[in-house]
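Asks: Dropping the structure in here first, questions after.
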There are 2 protein chains.
Amino acid sequence: MQKKINVGLIGLGTVGGGALQVLSQNRTLIGRRSVDIVVKKICNLDLPYTEARIAELGLTETTATTDYHDLTDDPEIDIVIELIGGIHPALEMVQAALRAGKSVVTANKDLVASHGAELFQLAAEHQADFLFEASVAGGIPILKALKDSLAANNIVEIMGIVNGTTNYILSQMSSTGADFQPCLQRAQELGYAEANPTNDIEGYDAARKMAILASIAYNANITEDMVYVEGIGKISKFDIDYAAQLGYVIKLVGLARPSAAAEDAVEVCVYPLMIPTEHPLAAVNDVFNAVFVEGDALGQSMFYGRGAGSLPTASAVAGDVIAAARHIVNGTQGGYGLRLFAKRRVLPIGDCNNKFYIRLMVQDKPKVLAQIAEAFAASEISLDSVIQKRVMDSGLAEIVLITHQVREANLQEAVARLHRLSCVDCVASLIRVKGA
Amino acid sequence: MQKKINVGLIGLGTVGGGALQVLSQNRTLIGRRSVDIVVKKICNLDLPYTEARIAELGLTETTATTDYHDLTDDPEIDIVIELIGGIHPALEMVQAALRAGKSVVTANKDLVASHGAELFQLAAEHQADFLFEASVAGGIPILKALKDSLAANNIVEIMGIVNGTTNYILSQMSSTGADFQPCLQRAQELGYAEANPTNDIEGYDAARKMAILASIAYNANITEDMVYVEGIGKISKFDIDYAAQLGYVIKLVGLARPSAAAEDAVEVCVYPLMIPTEHPLAAVNDVFNAVFVEGDALGQSMFYGRGAGSLPTASAVAGDVIAAARHIVNGTQGGYGLRLFAKRRVLPIGDCNNKFYIRLMVQDKPKVLAQIAEAFAASEISLDSVIQKRVMDSGLAEIVLITHQVREANLQEAVARLHRLSCVDCVASLIRVKGA
């Protein structure tokens with residue numbers, strides 16, 4: 001395995017810059033461990049910047065271009081790394097590279113979560129690898145673990161903290177007692193959240209990652225639009241506080257598991273979840289990510305690390321490049337492709353079963369609790385506990401309830417009933433709870 | 001990849017039985033994800049038991065034997081799984097299989113930690129795979145992660161909780177306040193510790209795993225005899241208690257890192273370590289294992305799961321069998337072998353630098369503290385803090401000190417000085433502390 005493999009890099013932003021740095025600075029180590037890998041061409045719109053970076057890193061074998069065809073048309077380039085993100089023109093670039101028989105490495109979760117299946121297919125047709133470890137949980141090698149090391153397992157459950165921004169905000173709320181808005185602001189000041197934080201806060205980013213994880217775990221074509229999503233915008237410091245009193249922490253969790261109700265279905269969701277403090281995921285704080293996997297043989301496992309950032313993401317990109325390079329040297333590119341052989345539908349959220357935490361503001365009058373209990377009973381929901389009742393300055397009382405496992409549709413029905421009760425001022429919070 | 005791969009299994013104990021169960025019960029899933037894998041022959045000394053298990057699992061394509069040559073001489077068998085443990089005759093079996101060009105999968109840490117390099121070499125000569133994921137941390141896919149996904153990283157540090165028995169005992173001591181002996185007894189009752197627990201308690205088991213981890217992380221030939229080892233037999237409940245007060249938990253940790261002092265050296269050790277409670281490893285309790293890895297690109301990561309047990313270990317064995325089978329189908333067996341290209345010596349423990357926690361029993365007299373401080377100063381050791389001083393019923397006082405980072409040889413010199421002081425009754429504990 002002494003052959004030199006030429007790589008073309010598209011994009012020189014945060015992740016692209018990191019990938020270039022890792023591949024060039026650790027080139028000797030990588031070469032001794034596997035194959036000598038050279039970044040031959042970099043495609044980036046800002047040509048002077050690209051040339052300056054190349055000079056700065058002393059890369060005498062590397063040239064710059066603004067046209068991606070210079071990479072995809074180059075017969076000496078074996079692997080194309082796409083790191084510009086978004087659907088267009090990333091999709092066209094990846095397609096061009098695969099059609100030219102080049103293996104592709106990407107960190108583009110948007111692309112994989114929406115166009116994954118067709119790109120796996122295209123890669124297989126052209127005997128090329130299509131690898132995307134960096135698209136989920138940054139540097140954490142969870143996709144390769146699911147595809148290879150855990151391949152003998154039926155996956156019982158995946159629970160992922162796969163968005164660093166929201167995990168930072170919730171960790172801050174938990175440790176400082178502050179409310180959502182100031183914590184979001186702090187995340188923005190630190191560069192952990194974007195100016196428009198919708199993608200992270202509303203859970204869309206996590207949903208894309210869960211679509212990818214679920215596709216691999218269940219060998220099914222799960223796209224981001226199939227994932228039920230709730231964000232963290234409504235989580236208040238009161239909920240964080242009650243959670244702590246009850247022995248829980250609140251995390252934005254992506255969940256994937258086979259449906260207990262229907263054999264052909266999987267649950268794939270993203271929502272805030274109360275996790276028992278002794279659960280391994282509960283200790284995953286700040287911008288760290290972690291994916292908790294239960295396999296029927298393996299039992300419980302967890303993979304923890306940095307889910308974003310220039311170098312951690314570059315570590316995953318470079319790992320994929322090394323894998324693709326080894327396959328090329330061995331002549332087996334395309335031989336380890338992902339197989340989406342299972343037809344699985346995603347269970348509608350109404351059919352999922354969960355335990356719920358419900359915080360209500362009610363009139364502080366006699367018989368209120370009886371009316372509330374009745375509303376739940378009418379939807380066949382039994383309560384685990386009625387935890388708190390405190391009277392506010394407004395004259396309203398706060399009640400916190402935890403249900404047993406309920407069908408979500410029934411829960412929604414009960415909530416509609418509560419809204420109709422004159423003694424109920426509002427249903428302030430509704431958060432799922434991990435537990436039997 | 002529709003070919004059928006025949007496997008021969010040697011050993012049908014806890015792990016062997018688990019491997020047979022996973023490979024047979026999940027055969028369809030494995031086949032759809034990769035290659036159809038059939039256990040063709042099982043070699044086990046108790047023939048009636050083997051035949052009974054085969055019948056019980058309804059394996060019509062499987063036969064039993066007591067002679068391993070029936071497996072290694074069978075041209076239809078492509079992969080041999082060795083799960084009897086120990087050096088002899090496992091070594092001879094593995095050698096015979098590799099010499100016959102068969103890929104070998106093993107969980108045998110004793111074998112890999114002592115004869116690894118020669119077996120890697122033998123596998124390379126015969127273009128066969130030699131895979132041993134299950135030898136370290138059971139079901140946790142840490143070896144593959146180091147070899148593949150993290151291959152672009154210089155490994156800055158590995159800290160592993162890689163022995164479930166000792167982690168259970170220390171967790172129990174910590175949660176119940178009990179002392180070492182009753183917790184060991186409880187571990188034995190639960191089957192977590194053997195009747196003769198020396199291998200686990202004294203850290204030898206962990207040392208073998210660290211030799212394997214360090215060999216992979218630093219591409220060097222590190223054998224178990226090169227690993228400095230201290231066990232947990234001397235840890236008292238008082239130390240656990242002080243540790244908690246100071247914000248630490250005590251874990252038996254295996255450590256591997258490049259030496260800061262000498263470029264050609266690595267530190268590879270196993271010893272009880274005080275870990276800050278906020279460190280991810282601090283929350284790893286009971287029989288769970290975890291390997292914390294810091295890479296220069298990846299940053300901090302952790303891999304958590306069950307380090308022992310029939311099915312978790314079988315998950316790793318089956319993952320390796322799947323990898324070996326894919327390589328055979330692709331004609332690339334032996335193409336991904338581990339490369340031990342680096343000459344690295346292991347730094348003598350005396351040359352390592354660490355922070356220390358020291359618990360002393362001293363006469364409760366004036367000027368004692370001054371004499372002790374002088375003993376440390378004479379060895380050029382500066383103290384971070386003098387934490388506690390309490391007078392016991394015996395009239396002796398207890399002093400707890402934490403040093404700054406010190407060269408271990410200097411620390412030992414200071415301890416010898418302390419022993420010579422008439423005011424010092426004994427040095428009750430000496431435990432390394434994670435920290436700058």
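The values are calculated or read from the model by the stated rules, or taken from the named source; none is laboratory data. This is a predicted model, so every value here is computed, not measured. Neighbour counts run over all protein chains shown; Cβ positions are idealised from the backbone, glycine included. Heads up: the accessible areas ignore ligands, DNA and RNA and are worked out on the full protein's heavy atoms, side chains in. Shrake-Rupley method; radii C 1.70, N 1.55, O 1.52, S 1.80 Å.
Asks: Pairs of Cα atoms under 8 Å, at least six residues apart: use those to get the relative contact order of the range A:16-133, whole percent. Can you show the working numbers first?
Replies: Details: 158 pairs, mean separation 21.2, N = 118.
Relative contact order comes out at 18 percent.
Asks: Could I ask something else about it? Out of the chymotrypsin sites (Phe, Trp or Tyr not before Pro) in the range A:334-393, which ones are loop residues according to DSSP with at most 16 other C-beta atoms within 10 Å?
Replies: Loop-located and lightly packed - A:Phe341.
Asks: In addition: With the cut-off at 1.5 for a/c, could you classify the protein assembly as shown from its C-alpha gyration tensor as rounded, prolate or oblate?
Replies: Rounded is the answer for the protein assembly as shown, as its axis ratio a/c remains below 1.5.
Asks: To the nearest 20 debye, what is the magnitude of the charge dipole of the range A:324-376 about its Cα centre, counting +1 on the Cβ of each Lys and Arg and -1 on the Cβ of each Asp and Glu?
Replies: Once rounded to the nearest 20, the dipole reads 240 debye.
Asks: Then there's this: How much accessible surface does A:Met93 have with a 1.4 Å probe, in Å² rounded to 10?
Replies: 20 Å²
Asks: For Cα pairs less than 8 Å apart in space and 6+ apart in sequence, what is the mean separation divided by the residue count of chain B, i.e. the relative contact order in percent?
Replies: Value for chain B: 17 percent.
Asks: So, one more: Order B:His419, B:His279, B:His126 by their accessible area, 1.4 angstrom probe, all chains in place, largest first.
Replies: Values: B:His419 115, B:His279 30, B:His126 65 Å².
The ordering from most to least exposed comes out as B:His419, B:His126, B:His279.
Asks: If you don't mind, there's one more thing I want to ask. At most 16 other Cβ atoms within 10 Å and a DSSP loop assignment: could you name the GluC sites (Glu not before Pro) in the range B:332-436 that fit?
Replies: Of the GluC sites (Glu not before Pro), the ones in loops of the range B:332-436 whose Cβ has at most 16 other Cβ atoms within 10 Å are B:Glu380.
Asks: Turning to a different aspect of this structure: Could you pull the accessible area for A:Arg407 with a 1.4 Å probe, rounded to 10 Å²?
Replies: Taking all protein chains as shown, A:Arg407 has close to 100 Å².
Asks: Where the centre of each part is set by its Cα atoms, how far does the range A:13-90 sit from the range B:301-343, in angstrom?
Replies: Using only Cα atoms to place each centre, the spacing works out to 31 Å.
Asks: Quick one: of A:Lys109/A:Lys237; A:Lys3/A:Lys40; A:Lys234/A:Lys434; A:Lys4/B:Lys343, which pairs are farther than 26 Å apart, Cα to Cα?
Replies: Cα-Cα > 26 Å for A:Lys109/A:Lys237; rest within.
Asks: Suppose R0 equals 60 Å. What FRET efficiency, 1/(1 + (r/R0)^6) with r the Cβ-Cβ distance, do A:Glu374 and A:Gln121 give to the nearest 0.05?
Replies: So the FRET efficiency works out to roughly 0.65.
Asks: Suppose every K and R has +1 on its Cβ and every D and E has -1 on its Cβ; what is the size of the dipole of the protein assembly as shown about the Cα centre, in Debye to the nearest 20?
Replies: 580 debye
Asks: Between B:Glu51 and the same site in the other copies, what are the distances in nm, shortest first, taking label points 7 Å from Cα along the C-beta direction?
Replies: 8.1
Asks: Same structure again: How would A:Tyr228, B:Tyr68 rank on accessible area, largest to smallest, probe 1.4 Å?
Replies: Heavy-atom accessible area, descending, gives A:Tyr228, B:Tyr68.
Asks: A further question follows. Calculate one ³J(HN,Hα) per residue across the range B:149-158 by plugging θ = phi - 60° into the Karplus curve 6.51 cos²θ - 1.76 cosθ + 1.60, and present them in order as whole Hz with x for glycine and proline.
Replies: Per residue, the Karplus-derived 3J(HN,Hα) values read 5, 9, 5, 8, 9, 6, 7, 7, 6, 10 Hz.
Asks: What are the equivalent ellipsoid semi-axes of the range B:82-240, built from the alpha-carbon gyration tensor (square roots of five times its eigenvalues), in whole angstrom, biggest first?
Replies: 32, 18, 12
Asks: Enter the mean projected area of the convex hull around the alpha-carbon atoms of chain A, in nm², rounded to one decimal. Mind showing how you got there, number by number?
Replies: On the way: hull surface 87.7 nm².
Over all viewing directions, chain A projects a mean Cα-hull area of 21.9 nm².
Asks: In whole Å, what are the Cα extents of the range B:296-411 along the three principal axes, biggest one first?
Replies: 78, 36, 24
Asks: Taking all protein chains in place and a 1.4 Å probe, what share, in percent, of the accessible surface of the range A:259-310 do carbon and sulfur account for? If you can, show how the numbers build up before the last one.
Replies: Working: 730 of 1570 Å².
With neighbouring chains kept in place, the figure for the range A:259-310 is 46 percent.
Asks: Another question about this same structure. For the range B:299-436, what is the relative contact order in percent, using Cα pairs closer than 8 Å and at least 6 residues apart in sequence?
Replies: 30 percent
Asks: So, one more: Let me know the mean shielding of A:301-309 by other chains, meaning the per-residue number of their Cβ atoms within 10 Å of its Cβ.
Replies: Working: counts 13, 9, 8, 9, 11, 4, 0, 0, 3.
Going residue by residue through A:301-309 and averaging, the value is 6.
Asks: For the protein assembly as shown, what proportion of DSSP beta bridges, expressed in % and rounded to the nearest 5, is antiparallel?
Replies: Beta bridges within the protein assembly as shown, antiparallel portion: roughly 65 percent.
Asks: If ligands, DNA and RNA are left out, what is the accessible area of A:Asp148 with a 1.4 Å probe, given in Å² to the nearest 10?
Replies: Accessible area, nearest 10 Å²: 30 Å².
Asks: Quick check: the distance between the Cα centres of the range A:177-234 and the range B:224-283, to the nearest angstrom?
Replies: The two parts, judged by their Cα centres, are 37 Å apart.
Asks: Also: Counting each pair of different Cα atoms once, what's the Kirkwood radius of the range A:41-151 in Å, rounded to one decimal?
Replies: 14.9 Å
Asks: Still on this structure: How large is ³J(HN,Hα) for each residue in the range B:106-115, as worked out from phi by the Karplus curve 6.51 cos²θ - 1.76 cosθ + 1.60 (θ = phi - 60°), to whole Hz, x for Gly and Pro?
Replies: Result, rounded to whole Hz: 9, 10, 7, 5, 4, 5, 5, 6, 10, 10.
Asks: Among the GluC sites (Glu not before Pro) within the range A:164-216, which fall in a DSSP loop and have no more than 13 other Cβ atoms within 10 Å of their own Cβ?
Replies: Values: sites: A:Glu189, A:Glu194, A:Glu202; in loops: A:Glu194, A:Glu202.
Taking the range A:164-216 and a limit of 13 other Cβ atoms within 10 Å, the loop GluC sites (Glu not before Pro) found are A:Glu194.
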